[in-house]
Amino acid sequence: MKIVKSIDELRKDLKGYKLEGKSIGLVPTMGFLHEGHASLIRKARAENDIVVVSDFINPIQFGPKEDLKTYPRDLESDSKLCENIGVDFIFAPEASEMYHDRKTFVDIEDMSNNLCGAKRPGHFRGVCTVCTKLFNITGADRAYFGQKDAQQVAIIKKVVFDLNIPIEIIPCPIVREDDGLALSSRNTYLSDKERKAALCLSKAIFKGEELAKNGASVSEVLEKMKEIISSEKLAKIDYISAVDLTTMKDSKDFADDRLIAIAVFIGKTRLIDNFIYRV
């Protein structure tokens, strides 16, 4: 495995493999890798000749009051995890390597106006820009994203389609702890008390999914989920919403491909979770 910090060096390293017709799988991450990331990497390893993991905390997807400076970092631990799975390249550039004179951005209309896009202005412009850059830098055939960030997956799929980027976007299932909490690098911020309180998210998700499968209406599902989370004193709801998975517009019925998504503050830590309802 090789750790690369230069765009030119990575392109040079990957060029030969592309000329040989070898497939390249990309797993974009912001580092501090956990089992959720590992599941993406394993899938990429199973489906491609060459696997690239980007390990880059993207500054332009953080708002001015968000946790860019404190976001957890551990390249040494990340490297061990990647090497154990069989990653070929870790791309770990500095911000100055990725962004020189910020004049050009990739943005998306409508789909970023709801859920996390509404709550974190400019976030998806940063996500779309960095992903487009990573797709261009690596020339990857496939890119792997966790379904926990369901809005991100839908948006990246749309960007790839609209801009004719020759890459396949592979969504992968949410990975959870044994007690149900969705894995997230931000879980490390939680105190023991907050970690226990955070289980209200998965409890709400599991109950909402059960109710939806048993024929409850969208309003009934959302109300019950709100009740579960509101019963936890350390929890503050950012949003609980049902949207069309393709358009990210609010939905009042359970037709095919409905995303039920939540964002909740546990103390100062913002966590997200979701489930997808399909007929």
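Annotations
- Near pairs, Cβ below 6 angstrom, 6+ apart or cross-chain, from the range 50-71 (aromatic (Phe, Trp, Tyr)) to any residue that is at pLDDT 95 or above and part of a loop (DSSP other than H, G, I, E, B): PHE56/PRO93; PHE62/LEU68; TYR71/ILE57
- Selection count where residues are out of contact with any helix residue (DSSP H, G or I) (no Cβ under 8 Å at 6 or more places or on another chain) and open to solvent by 30 Å² or more (accessible area, probe 1.4 Å), scope the range 123-144: 2
- Residue selected from the range 145-158 under the condition touching a residue at least 40 places away in the same chain (Cβ under 8 Å) and in contact with a strand residue (DSSP E or B) (Cβ under 9 Å, 6 or more places away or on another chain), by the criterion most open to solvent (accessible area, probe 1.4 Å): ASP149
- Note on the range 159-188: residues that are open to solvent by 40 Å² or more (accessible area, probe 1.4 Å), in a loop (DSSP other than H, G, I, E, B), more than 11 Å from GLY146 (Cβ to Cβ) and touching a strand residue (DSSP E or B) at 6+ places or on another chain (Cβ under 9 Å) amount to 0.
- One residue from SER23, SER79 being crowded, with 18+ Cβ neighbours inside 10 Å, hydroxyl-bearing (Ser, Thr, Tyr), at pLDDT 95 or above and farther than 21 Å from LYS148 by Cα: SER79
- Tallying residues that are in a helix (DSSP H, G or I) and open to solvent by 40 Å² or more (accessible area, probe 1.4 Å) within the range 195-221 yields 11.
- LYS249 fulfils the conditions (1) surrounded by 19 or more Cβ atoms within 10 Å (Cβ to Cβ); (2) within 25 Å of ILE155 (Cα to Cα) except for a single criterion, (1).
- ALA255 being among the hydrophobic types (A, V, I, L, M, F, W, C) and modelled with pLDDT of 95 or more: no
The values are calculated or read from the model by the stated rules, or taken from the named source; none is laboratory data. These figures come from a predicted structure and were not determined experimentally. Cβ atoms come from the backbone with ideal geometry, glycine included; neighbour counts cover every protein chain shown. Side chains are part of the model used for accessible areas, which takes the heavy atoms of the whole protein and leaves out ligands, DNA and RNA. Shrake-Rupley method; radii C 1.70, N 1.55, O 1.52, S 1.80 Å.
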